[in-house]
Amino acid sequence: MFDIKSATINEIKEFMTSIGESAYRAEQIFVWLSRGADFDEMTNIPVALRNKLKEKCYLPKVEIERKLISKIDETIKYLFKFSDGEMVETVLLSYKHGNSICLSTQVGCRMGCSFCASTMNGLSRNLTASEILEQITATERDSGCDVQSIVLMGIGEPLDNYDNVLKFLHLVNDKNGLNIGMRHISLSTCGLVDKIKMLAKENLQITLSISLHAPNDKIRSLIMPIAKKYSIDELFTACREYTETTGRRISYEYAMIAGVNDSPECARELGRRLFGTLTHVNLIPLNPVEEKSYNKSDKNVISDFTKVLEEYKIRVTVRRRLGSDINASCGQLRNKQLVK
């Protein structure tokens, strides 16, 4: 079956021709798919063609397995189930500047970061471009909210699903579809250096976020297995090349873990490494995971860490924790459902 929602307009044109239909229908179908419509809802498409599409095409659909709404800030967290029974988490976040959605790119994750809930059960499979897109359309359909920006920071490592994620980026950016600008999309990676170099060649105007979480290889390798494959120097070299190629500032994610990576020495070492670069650091108070022994850093420790980085002329933000009462960090809701 043809995964039509993962297809570009040109690919749908080729498909239409292959089944003896007019290519001009492709743009109409693409617009409907971007709205989350199924074939029966495509009212400007002949019934005979709709029936043919149902016979020959596959449309990913998700069911809402669980839905949590924060009483603190109205963040909505979905646990979506696909037709094969696999589940992912999606989070809708409301800001003054609009609604942002945090999407999953894989079912599970094989990166093994020791503080992360998403990786606890390993990797089940990659999501297709259409399944990533379906998280947006299903969320908009249920919530009634339009999405203005995207963060690929849910379950999974986006660059470990490179081809499908790249396809998704082009689909969601298409002016005939959801038309979300590349500058309103952030992609987070734990640091797959080879894929960062590949992404740089695409010269997309997305924001690349690096899950750094340590200032050196010794600490990073204790909490992030990827550090054993790529050194922090290799990672920073790839990031510099990315900035030089795209002109885009790199954002570094740094989870503040008490007693692990939050000392003044760590702050100074990070400051020295990033001094003079086009970067921004997001300090993230750790979202504790029940099955893990890590705790978030004290707010005074985070404040002191921030001041040290600012001394090195580095732009720093302490991320506001949205949805803290519904475990809005990805992975925890899926894990609880898996053990039922």
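The values are calculated or read from the model by the stated rules, or taken from the named source; none is laboratory data. These numbers come from a predicted model, not from an experiment. Reconstructed Cβ throughout: ideal geometry from the backbone, glycine too, with neighbour counts over all protein chains shown. Ligands, DNA and RNA are excluded from the accessible area calculation, which covers all protein heavy atoms including side chains. Shrake-Rupley method; radii C 1.70, N 1.55, O 1.52, S 1.80 Å.
Carbon-plus-sulfur accessible fraction, region 1-85 (probe radius 1.4 Å, protein heavy atoms only): 48%. Normalising the Debye intensity of the chain to I(0), with uniform scatterers on Cα atoms only, and taking log10 at q = 0.08 Å⁻¹ returns -0.40.
Computed from phi, the 3J(HN,Hα) profile of region 86-98 under the Karplus parametrisation 6.51, -1.76, 1.60 (θ = phi - 60°) reads 6, 10, 9, 10, 9, 10, 9, 10, 9, 10, 4, 8, x Hz, with x in place of Gly and Pro.
Remind me, relative contact order of region 11-90 in percent, using alpha carbon pairs under 8 angstrom and six or more residues apart?
16 percent
Beta-bridge orientation, the chain: approximately 45 percent antiparallel, per DSSP, counting only bridges with both partners inside.
Relative contact order of the chain: 15 percent, from C-alpha pairs under 8 Å at least 6 residues apart in sequence. Length available on full extension from Y24 to N295: 0.36 nm per residue minus the Cα-Cα distance, which gives 91.9 nm. In whole angstrom, region 59-104 maps to an equivalent ellipsoid with semi-axes of 23, 12, 7, each derived as √(5λ) from the alpha carbon gyration tensor and ordered largest first. Counting only protein heavy atoms and a 1.4 Å probe, region 128-220 has 33 square angstrom of accessible area per residue.
Stretching the chain fully between S221 and I69 yields a gain of 51.2 nm (0.36 nm per residue, less the alpha carbon separation). Cross-linked pairs K54/K81; K167/K195; K81/K195: Cα-Cα separations exceed 25 Å for K81/K195. Compared with the dominant Cα axis of the chain, that is its longest principal axis, helix 299-311 is turned about 90°. Length, then width, then depth: along the principal axes, the Cα atoms of region 15-56 run 25, 18, 16 Å. Considering only the Cα atoms of region 144-295, their convex hull presents on average a projected area of 10.3 nm². Determine the calculated [θ] at 222 nm for the chain from helices alone, applying -39500 (n - 2.57) to every DSSP H run no shorter than 4 residues and normalising by the residue count; nearest 500 deg cm²/dmol. Result for the chain, helices only: -10500 deg cm²/dmol.
Please give the net charge around E234, taking every other residue with its beta carbon less than 15 angstrom from that of E234, where Lys and Arg add +1 and Asp and Glu add -1.
+3
Histogrammed with a bin width of 10 Å, the alpha carbon distances of region 132-209 distribute as 17, 54, 24, 4 percent, first bin at zero. In this calculation the C-beta distance from N121 to T277 is compared with R0 = 41 Å, giving a FRET efficiency of 0.70.
Over all Cα atoms in region 192-270, the spread is summed up by Rg and Dmax: 13.1, 39 Å. Can you give the longest stretch of the chain with no exposed loop site, where a site means chymotrypsin sites (Phe, Trp or Tyr not before Pro) in a DSSP loop (not H, G, I, E or B) with at most 15 other C-beta atoms within 10 Å? Longest gap between qualifying sites, sites excluded: 25-274. Multiplying the residue separation of D3 and M182 by 0.36 nm and removing their Cα-Cα distance gives an extension gain of 62.1 nm. Amide H to amide H, with H built 1.01 Å from N, K296 comes under 5 Å of A258, counting only residues 5 or more places away or on other chains. Compactness ratio for region 1-125: Cα radius of gyration over 2.2 N^0.38 Å (N = residue count) comes to 1.33.
For G191, what residues show an amide H to amide H distance below 5 Å, using hydrogens built from the backbone and excluding near sequence neighbours? Correct list: S211.
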